[in-house]
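Here is the structure we will look at.
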Amino acid sequence: MNWKQVKSLLLLLLSAVNILLFAFVYNYYRTGNYTDEDTARRTVDILRKSDIAVSEELLTARNDSVDILHADYDREDYLCYAAALLLGKEAEGIYLLPDGIRAETAEGKVLSLGYDFSLRYVAPDADAGRPEAARQSAKAPAQDEICEAERSALEVLLSLPEGALQNAPCTHADGYTFITVEQTEGGIPLYGMQCCFGFSGDTLVYAEGKYCFGVPSQKTSEPLLNRINILFSEKERGKTGHITDIALCYTLYEDAQNGSLLYVPAYALTYADGETVAVSAISGKAY
């Protein structure tokens, strides 16, 4: 065997070793980051016996790895800050309600804020029922009816980067422009946090829904339950039905003792009948 043949043989052996090494690394990665098809199949069969239907495809998705986020939070301070932000100035009157506050300005602006991050605002010069009635009848704008001025004003109001609301749904009715914001943090949805903001020109005249103005400044890591663990949590609490979607999200939790608002990783489960439920990816508890 001459040197040329030996060299060719060594190259073939090296290529084979590289292929085997790649296959080993890929399988190791898949094992550590994905649920294998056999495990998914057996899980589907077990859940079916408890009247929970789910597809294997929803279980073989990549395992998620995200942190718990922390924002400094004092309930009263937060509500006053949110009121000043939405009203455009500090409120002259703050009235405590059983589930939040009512903030008023001398000009007659009134804002209700709840401890669950709910809010409702109608401008003083707008008939209280008119913006809400317009919202119910609002239609999606034609292609030539863009909402860039309103979106830009809302991005400033919510301290969002320019263009962050470019794809937010925008509708028009009775002289108002309505923009619906599905709140996210780092691209991950905040469960149940949706708010509709109404504008007359670039002036905010209406807002209703849920929105959190907290800003996470710290993070901690915890091992997350995977999708199979989450579904077995549903089984343990006696839930039944056909699950059509499983999506990573955050749920908000007030840690009053440590003055912190926690963004806790969770999974939003959607059932075929339209019901949705968030299950903590840390504890398996349903919210």
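The figures follow:
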{"quantity": "Intensity falloff of the chain expressed as log10 I(q)/I(0), Debye formula with alpha-carbon point scatterers, at q = 0.08, 0.11, 0.15 Å⁻¹", "calculated": "-0.50, -0.81, -1.18"}
{"quantity": "Charge dipole (debye, nearest 20) of the stretch 75-210; +1 at Cβ of Lys and Arg, -1 at Cβ of Asp and Glu", "calculated": "280 debye"}
{"quantity": "The chain: Cys lacking any partner C-beta under 4.7 angstrom", "calculated": "Cys80, Cys195, Cys196, Cys212, Cys249"}
{"quantity": "Translational diffusion of the stretch 75-210, µm² s⁻¹ [Kirkwood Rh, Cα pairs; Stokes-Einstein; 4 °C; 1.567 mPa s]", "calculated": "84 µm²/s"}
{"quantity": "Modelled label reach - Ala286, point 7 Å along Cα→Cβ, the stretch 179-194 residues with backbone N closer than 17 Å", "calculated": "192"}
{"quantity": "³J(HN,Hα), Karplus 6.51/-1.76/1.60, whole Hz, each residue of the stretch 263-269, x for Gly, Pro", "calculated": "9, 9, x, 8, 10, 8, 9"}
{"quantity": "Packing rank of 229-235, 72-78, where each peptide gets the mean count of other beta carbons within 10 Å, highest leading", "calculated": "229-235, 72-78"}
{"quantity": "Electrostatic dipole magnitude of the stretch 220-280 [Cβ: Lys, Arg +1; Asp, Glu -1; Cα centre; debye, to 20]", "calculated": "180 debye"}
{"quantity": "Size of charge dipole - the chain - debye, nearest 20, with Cβ of Lys, Arg +1 and Asp, Glu -1, no other charges", "calculated": "1520 debye"}
{"quantity": "Entries of Lys89/Lys210; Lys89/Lys219; Lys219/Lys285 with Cα pairs more than 28 Å apart", "calculated": "Lys89/Lys219"}
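Rule-based calculations on the coordinates, nothing more; no lab input. Bear in mind the structure is a predicted one, so any value in this text is a computation, not a measurement. In this analysis, Cβ positions are derived from the backbone assuming ideal geometry, glycine residues included, and neighbour counts consider all displayed protein chains.
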